[in-house]
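Just below is one structure, and these are the notes that go with it.
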Amino acid sequence: TVEIRDAAGNLIGTDLVGGDGNYSVTLTDPQANGEAVTVTQADPAGNTSDPTTALAPDITAPGAPADLAVSDDGTMLTGTGEAGASIKVIDSTGTVIGTNTVGADGNFEVTLATPQTQGEELGVTQTDAADNESAEANVFAPFDISEGDFQGGAINLVPKAPSMDRSV
């Protein structure tokens with residue numbers, strides 16, 4: 001018989017070992033995100049093994065990246081996230097234009113493949129080591145008036161990039 005106990009020592013699952021030596025236990029109290037459980041096995045004579053520790057898988061996505069800013073020249077995006085997470089920056093067409101990793105201090109910098117200086121909306125996500133992807137956070141690039149769309153002496157401040165609406 002195999003017994004699974006949570007960190008407080010509560011029995012949360014038990015099962016018999018099959019003839020092939022394998023077992024599968026459904027837990028009465030789900031464990032996730034690195035929670036430790038102990039596993040013991042007892043033979044028919046009642047001899048119990050030493051406990052073995054197992055960790056539940058990480059199934060929770062990190063929060064969306066925060067404190068996003070695009071440099072004035074549109075070549076760099078900075079922000080904060082979960083240390084060690086992978087950062088992905090996409091443009092309004094869904095094309096990846098930059099990636100990097102969040103540093104141990106929670107900060108990141110991403111060099112953008114093409115400068116973003118016309119008020120473009122960018123999407124930023126982070127993915128943790130367990131491959132859980134965050135919700136998308138959005139940031140607008142600066143609008144460089146020297147590269148603006150001038151019409152009859154007026155400045156058109158409407159960004160040239162389409163909306164990030166992907167519901168279509």
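The values are calculated or read from the model by the stated rules, or taken from the named source; none is laboratory data. For clarity, every value in this text was computed on a predicted model and none was experimentally measured. All Cβ positions, glycine included, derive from the backbone under ideal geometry; neighbour counts span all protein chains shown. Just the protein is used for accessible areas: all its heavy atoms, side chains included, with ligands, DNA and RNA removed. Shrake-Rupley method; radii C 1.70, N 1.55, O 1.52, S 1.80 Å.
Laid out as a table, the results:
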item	result
Residues of the stretch 41-99 classified as hydroxyl-bearing (Ser, Thr, Tyr), closer than 24 Å to GLN118 by Cα and outside any loop (DSSP other than H, G, I, E, B), total	3
The stretch 63-76 residues that are open to solvent by 40 Å² or more (accessible area, probe 1.4 Å) and at pLDDT 95 or above, paired with ones that are of a type in the set (Asp, Glu) and in a strand (DSSP E or B) (beta carbon under 9 Å, 6 or more apart)	MET76/GLU109
Test: residue in the stretch 39-60 that is under 15 Å from VAL124 (Cα atoms) and touching a strand residue (DSSP E or B) at 6+ places or on another chain (Cβ under 8 Å)	no
Tally of residues being assigned to a strand (DSSP E or B) and either modelled with pLDDT under 95 or open to solvent by less than 20 Å² (accessible area, probe 1.4 Å) (or both) across the stretch 114-139	8
Of residues in the stretch 100-113 being assigned to a strand (DSSP E or B) and touching a Gly at 6+ places or on another chain (Cβ under 7 Å), the one farthest from GLU133 (Cα to Cα)	THR111
Selection status of THR28, among the hydroxyl-bearing types (Ser, Thr, Tyr) and over 18 Å from ASP128 (Cα atoms)	yes
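One line per residue, one yes/no per condition, for (1) touching a Ser or Thr at 6+ places or on another chain (Cβ under 9 Å); (2) more than 24 Å from ASN33 (Cβ to Cβ):
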residue	(1), (2)
LEU55	no, no
THR60	no, no
ALA64	yes, no
SER71	yes, yes
GLU82	yes, no
ILE87	yes, no
ASP91	yes, yes
GLN116	yes, yes
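For every residue, the table says whether it meets (1) of a type in the set (A, V, I, L, M); (2) in contact (Cβ under 8 Å) with a residue 12 or more places away in the chain; (3) loosely packed, with under 13 Cβ neighbours inside 10 Å.
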position	(1), (2), (3)
VAL2	yes, yes, no
ARG5	no, yes, no
GLU35	no, yes, no
GLN41	no, yes, no
PRO44	no, no, yes
THR95	no, no, yes
